[in-house]
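For reference, the structure is listed below as structure tokens.
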Amino acid sequence: MTTTNHPKTERTLVVIKPDGIQRSLIGEIIKRYERTGLKLVGVKMFVPSADLVEEHYTLDPEWRRITGEKAIKGYLDKGLTPPTTDPFEVTEKVLKNLIKYLTSGPVIAMVWQGAHVVKIVRKITGGTEPLTSDVGTIRGDFVLDSYQMSDNDTRAVRNLVHASGSPKEAEDEIKHWFSKNELTDYNLVQDKILYDVNLDGLLE
């Protein structure tokens with residue numbers, strides 16, 4: 001992360017998952033972020049290891065508990081009986097499915113930079129469940145999956161993209177997926193339009 005606290009230096013991690021690549025949506029997904037004015041400062045394509053994926057989801061020591069509790073609540077809200085009331089047992093299955101999903105083929109990991117980038121990217125991406133994601137979001141427009149279908153098939157929900165949930169999460173995830181020398185600081189012409197206070201230099 002850069003040292004200044006101006007919002008324009010905020011960064012976030014985005015990972016196009018194997019289903020996004022297999023459905024030839026790479027360009028469409030990148031376009032959605034890029035045309036907002038965000039700047040791509042790191043990108044690479046590879047097949048992640050099981051260890052990298054597991055460590056990614058458990059960077060937050062509370063992830064197992066929180067995710068398990070959310071999953072149990074989801075079952076109850078739908079009038080269904082959860083397979084267990086132990087959040088850690090639930091999360092063990094969730095994590096196993098996520099590892100299988102994300103290691104099934106190549107992913108594209110990216111770091112995007114710009115003002116309020118974490119919230120902007122989350123807004124463009126849409127909610128975690130494609131079925132309930134708004135029209136106009138990546139997940140709402142390009143996916144027809146649901147928790148019900150993924151639960152019935154005993155797999156992770158296929159939602160094309162991972163996007164960091166908070167600036168702190170983004171900082172931790174970027175460090176996990178990228179080394180410092182894989183990120184590039186540079187200027188874009190459009191930065192002047194987006195961030196220059198007085199829009200100096202527009203007229204000859």
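The values are calculated or read from the model by the stated rules, or taken from the named source; none is laboratory data. Every value quoted in this text rests on a predicted model; they were computed, and no experiment measured them. Here the Cβ positions follow ideal geometry from the backbone for every residue, glycine too, while neighbour counts run over all protein chains shown.
The figures follow:
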| read-out | value |
| --- | --- |
| Number of the condition not met by Arg158 [criteria: (1) without any contact (Cβ under 8 Å) to a residue 60 or more places away in the chain; (2) in contact with a helix residue (DSSP H, G or I) (Cβ under 7 Å, 6 or more places away or on another chain); (3) buried (at least 17 other Cβ atoms within 10 Å of the Cβ)] | (1) |
| Condition check for Lys31: part of a helix (DSSP H, G or I), at pLDDT 95 or above and of a type in the set (Lys, Arg) | yes |
| Test: residue in segment 102-116 that is free of Cβ contacts under 8 Å to residues at least 12 places away in the same chain and not small (Gly, Ala, Ser) | no |
| Flag if Pro82 is in contact (Cβ under 8 Å) with a residue 12 or more places away in the chain and surrounded by 12 or more Cβ atoms within 10 Å (Cβ to Cβ) | no |
| Residue within segment 167-178 that is loosely packed, with under 12 Cβ neighbours inside 10 Å, part of a loop (DSSP other than H, G, I, E, B) and of a type outside the set (Lys, Arg) present | no |
| Inter-residue pairs, beta-carbon under 8 Å, first over 24 Å from Lys78 (Cβ atoms) and in segment 117-137, second at pLDDT below 95 and surrounded by 19 or more Cβ atoms within 10 Å (Cβ to Cβ), 6+ apart | none |
| Matching residues in segment 102-132 - criterion: being closer than 19 Å to Leu25 by Cβ, small (Gly, Ala, Ser) and buried (at least 20 other Cβ atoms within 10 Å of the Cβ) | Ala109, Gly126 |
| Selected residue [among the acidic types (Asp, Glu) and touching a Phe, Trp or Tyr at 6+ places or on another chain (Cβ under 9 Å)] from Glu171, Glu129 | Glu129 |
| Candidate set from segment 177-193 (those that are at pLDDT 95 or above and among the charged types (D, E, K, R)); member that is nearest to Lys17 (Cα to Cα) | Glu182 |
| Odd one out for Val143, checked against (1) out of contact with any Phe, Trp or Tyr (no Cβ under 8 Å at 6 or more places or on another chain); (2) among the aliphatic types (A, V, I, L, M); (3) over 25 Å from Leu38 (Cα atoms); (4) modelled with pLDDT of 95 or more | (3) |
